[in-house]
Amino acid sequence: MTRIGRRGAGAAAGRCRRPGPRQALSRGAAAQAAAWDANASAWSEFLRHGDRHREGLLDAAMLAALRPLRGAAILDAGCGEGRFVRSLSAAGAARVLGVDVSERLISEARRRGRALPAAVRARLGYETGDAARLPRHRDASFDAVVSYLSLMHFADPGAALAEWARLLAPGGRLVAVLPHPFTQAPGAHWLAELPPVMRGAVPSLTSLAVGEYFERARVRFRFGPGFPAATVNLHRPLAEWSGLLAAAGFVVERLWEPRPSAAQARRDPAWEPYRRVPYFLLWRARRAAQGRAR
């Protein structure tokens, strides 16, 4: 497994060190930082009560796609309050570095990390900054890069992918999950069938109107009424996401559309629509030995 270089080792291990100069952010990254700083308390509270998408569908798929984990050096790009960083460290990764543009979310990640056993704490660390520009870290510093519902927030996802390819050792893997572009296209919405007599019954979601799938769009999104700020999700059709991966020097190994089991849907009917249309898209890609494609 890759050994993290001298400059990156202290950060990845989570040891106390003086932070370097604050990274200047691009306009897009600064806007996302402001939005996520405003939402940090609401987001942390939301995750504290459990996120059904992550816990019921995506966590297991992400960990399976990342294996083998033991001994690996991993970058979590857009780590938020560090939830998956902690999971990766507990699953046996040798070093995990979480980077997020929100200073308040990184502060929360560090606070939560203090409750972990010392052996786990020693394997993780955090940095505040734009995960699409990490010049303090050497080429080929990581065995894997994780983008867990974060790539669509980057103003320039192609630049982010190129930077992650630089940071990966040859043959290193990128595991990224996005809201599915089919389901999340601008204007996409569910059509519902109303029962003949409501009496508190929940409408049945019967089909999905796809919307403007082929349009490139910046979609403003607010998680709920308790979130002060809207964030921006980039929508791109699948072919464009695939092209960005190839241009950055990645070769796609597998593609998954995580789906709940029939047993999950029987236990909780709220999962039933997720068995009929894809809500998420998960890639595992390898950095080509020659680096970025020409």
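The values are calculated or read from the model by the stated rules, or taken from the named source; none is laboratory data. From a predicted model like this one, the values you see are computed outputs, not experimental measurements. Cβ sites come from the backbone with ideal geometry, for glycine too, and all protein chains shown count toward neighbours.
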Requested in this report: Give the residues of segment 269-289 that are buried (at least 19 other Cβ atoms within 10 Å of the Cβ) and either of a type in the set (S, T, N, Q) or touching a Lys or Arg at 6+ places or on another chain (Cβ under 6 Å) (or both), sorted by residue number.
Outcome: Arg284
Report summary line: Taking first residues from segment 81-96 that are of a type in the set (Asp, Glu) and second residues anywhere that are assigned to a helix (DSSP H, G or I), the pairs with Cβ under 7 Å that are 6 or more apart or on different chains are Glu81/Trp43; Glu81/Ser44; Glu81/Leu47; Glu81/Leu105; Glu81/Glu108; Glu81/Ala109; Glu81/Arg112
Query raised in the report: Of the residues Leu149, Leu57, Leu134, which single one is surrounded by 19 or more Cβ atoms within 10 Å (Cβ to Cβ) and either over 22 Å from Arg287 (Cβ atoms) or polar (S, T, N, Q) (or both)?
Result: Leu57
Report task. Restricting attention to helices (runs of 4 or more DSSP H) lying wholly within segment 29-115, give those where 2 or more residues are farther than 21 Å from Ala144 by Cα. Result -> 103-113
Query raised in the report: Residues of segment 219-268 being loosely packed, with under 13 Cβ neighbours inside 10 Å and part of a loop (DSSP other than H, G, I, E, B), which ones?
Result: Gly224, Pro225, Gly226, Ser261, Asp268
Query raised in the report: Which one of these is modelled with pLDDT under 95, surrounded by 20 or more Cβ atoms within 10 Å (Cβ to Cβ) and more than 14 Å from the chain's Cα centre (by Cα): Leu116, Leu124, Leu168?
Result: Leu124
Query raised in the report: Given the conditions (1) part of a helix (DSSP H, G or I); (2) of a type outside the set (A, V, I, L, M, F, W, C); (3) modelled with pLDDT under 65, which single one is not true for Gly20?
Result: (1)
Query raised in the report: Across segment 117-146, what is the total count of residues that are closer than 29 Å to Ala34 by Cβ, touching a residue at least 60 places away in the same chain (Cβ under 8 Å) and not in a strand (DSSP E or B)?
Result: 7
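Of the residues that make up segment 186-194, is at least one over 21 Å from the mean Cα position of the chain (by Cα), of a type outside the set (Asp, Glu) and crowded, with 16+ Cβ neighbours inside 10 Å?
yes
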